[in-house]
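The values are calculated or read from the model by the stated rules, or taken from the named source; none is laboratory data. Because the structure is a prediction, the values reported are computed rather than measured. For neighbour counting, all protein chains shown are included, and Cβ atoms are generated from backbone atoms with ideal geometry for every residue, glycine included.
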Amino acid sequence: MIIVTGGAGFIGSNIVKALNDKGITDILVVDNLKDGTKFVNLVDLDIADYMDKEDFLIQIMAGEEFGDVEAIFHEGACSSTTEWDGKYMMDNNYQYSKELLHYCLEREIPFLYASSAATYGGRTSDFIESREYEKPLNVYGYSKFLFDEYVRQILPEANSQIVGFRYFNVYGPREGHKGSMASVAFHLNTQLNNGESPKLFEGSENFKRDFVYVGDVADVNLWFLENGVSGIFNLGTGRAESFQAVADATLAYHKKGQIEYIPFPDKLKGRYQAFTQADLTNLRAAGYDKPFKNRCRRRNGIHGLAESRRIRALHENTGDRPVLGWRHDDVAKSLSHAPGALSPGDNRRDGTGMVPSIIIADAGS
């Protein structure tokens, strides 16, 4: 059996799909389906069982067995970069991960987990997996950073695989449930499909991120499991793309629309990653040499988002609200998106008195 925490979420469900594509269906998905809309990420996938994340943790802490576990992909987390309840964040992202890590170490089960580019904070260069380059801007980034530091202490003596992936800006199918935390490309695509004017913050041509397609992210996860390599690795394309360029490509794909620009909120200044670009030196040195061929500006990536929206719409009764779009009472609680968040979103306004149709996402897990 393979266990995927956050398996009903964005990256987690894409890992499940990648496993299915290899003929693997003996999968336990662990998640929190309080947000029931996430079920659509699983309806076309084959799994053996589902378990709530709290019930799973209780069994982990009790030392209960789950049969012959081949690996655990730990994709579940609280991913809000504007969540300042430190106890809640550390319980979900740090303590939960430690319990699961030690469970795996005691049984020599490979443990592959989601870290985040948020660990780098406000850097504009040298996104390198080393302590001197890490300075997170928020408690979310700190929770990910601290677990990476914990793993670094354990790695030299570990008898089984431990690998963390610092996800940069992941986009692609199965992120529709994420609302304000979905990728920039997703929101642009959705707003255009809903007949709305997509919105970007002023100066978006200067904000650049490393956008990586979720299919490539899943491929990297499976490659590391198959090859048994341990460590902490950046997972991006190694190329930065401006939000303006992504928006231009999306408009070109749809052959319609015009971007509306809104002021950058004062409260985000000093807490925002203006640039990210993964340094892939360590990833390549580990032996992963496949190209990251799917990019946000390319037609195939945008087409994948459009197709994902169409499929999801078949499973939703949307009433009067737009399919997959931000409702006007939804709020940008986070400037990042993450792998299969395990907790429901908060409703918070962005400080401008309105809810933008698109937000510039932070580099998150």
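Quick notes on this structure:
- In the stretch 196-205, the residues that are surrounded by fewer than 16 Cβ atoms within 10 Å (Cβ to Cβ) and touching an Asp or Glu at 6+ places or on another chain (Cβ under 8 Å): Ser197
Table: residues versus (1) farther than 24 Å from Glu129 by Cβ; (2) among the acidic types (Asp, Glu).
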| residue | (1), (2) |
| --- | --- |
| Glu65 | yes, yes |
| Cys78 | no, no |
| Thr81 | no, no |
| Gly86 | yes, no |
| Glu106 | yes, yes |
| Pro110 | no, no |
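- Residue match in the stretch 207-215 (condition: charged (D, E, K, R), in a helix (DSSP H, G or I) and closer than 23 Å to Leu283 by Cα): no
- Being surrounded by fewer than 17 Cβ atoms within 10 Å (Cβ to Cβ), among the β-branched types (Val, Ile, Thr) and not in a loop (DSSP other than H, G, I, E, B) is a description that applies to Ile58.
- Residue satisfying condition, being buried (at least 17 other Cβ atoms within 10 Å of the Cβ), in a loop (DSSP other than H, G, I, E, B) and aliphatic (A, V, I, L, M), within set Ile47, Ile72: Ile47
So that you can scan it fast, the table gives a plain yes or no per residue for (1) closer than 22 Å to Leu137 by Cβ; (2) in a helix (DSSP H, G or I); (3) in contact (Cβ under 8 Å) with a residue 60 or more places away in the chain; (4) not small (Gly, Ala, Ser):
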residue: Ala249; (1), (2), (3), (4): no, yes, no, no
residue: Lys267; (1), (2), (3), (4): yes, yes, yes, yes
residue: Tyr272; (1), (2), (3), (4): yes, no, yes, yes
residue: Ala278; (1), (2), (3), (4): yes, no, yes, no
residue: Lys290; (1), (2), (3), (4): no, no, yes, yes
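- From the options Val30, Val16, Val40, residue that is modelled with pLDDT of 95 or more and part of a strand (DSSP E or B): Val30
This table checks each residue for (1) within 21 Å of Tyr94 (Cβ to Cβ); (2) touching a Pro at 6+ places or on another chain (Cβ under 9 Å).
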position: Ser116; (1), (2): yes, yes
position: Ser130; (1), (2): yes, no
position: Glu134; (1), (2): yes, no
position: Leu137; (1), (2): yes, no
position: Phe147; (1), (2): yes, no
position: Val151; (1), (2): yes, no
position: Ile154; (1), (2): yes, no
position: Arg174; (1), (2): no, no
position: Lys178; (1), (2): no, no
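- Test: residue in the stretch 151-162 that is surrounded by 24 or more Cβ atoms within 10 Å (Cβ to Cβ) and either among the aliphatic types (A, V, I, L, M) or in contact (Cβ under 8 Å) with a residue 60 or more places away in the chain (or both): no
- Residue identified as modelled with pLDDT under 95, surrounded by fewer than 23 Cβ atoms within 10 Å (Cβ to Cβ) and out of contact with any Cys (no Cβ under 7 Å at 6 or more places or on another chain) among Asn193, Asn189, Asn227: Asn193
- Residues of the stretch 135-157 that are out of contact with any strand residue (DSSP E or B) (no Cβ under 9 Å at 6 or more places or on another chain) and either of a type in the set (Lys, Arg) or not in a helix (DSSP H, G or I) (or both): Lys135 alone.
- Residue count for the stretch 11-39, restricted to those that are out of contact with any helix residue (DSSP H, G or I) (no Cβ under 9 Å at 6 or more places or on another chain) and among the polar types (S, T, N, Q): 1
- Count of the stretch 194-235 residues which are hydroxyl-bearing (Ser, Thr, Tyr) and within 18 Å of Ser183 (Cβ to Cβ): 2
- Within the stretch 110-129, considering residues that are part of a loop (DSSP other than H, G, I, E, B) and of a type in the set (S, T, N, Q), the one nearest to Asp279 (Cα to Cα): Ser125
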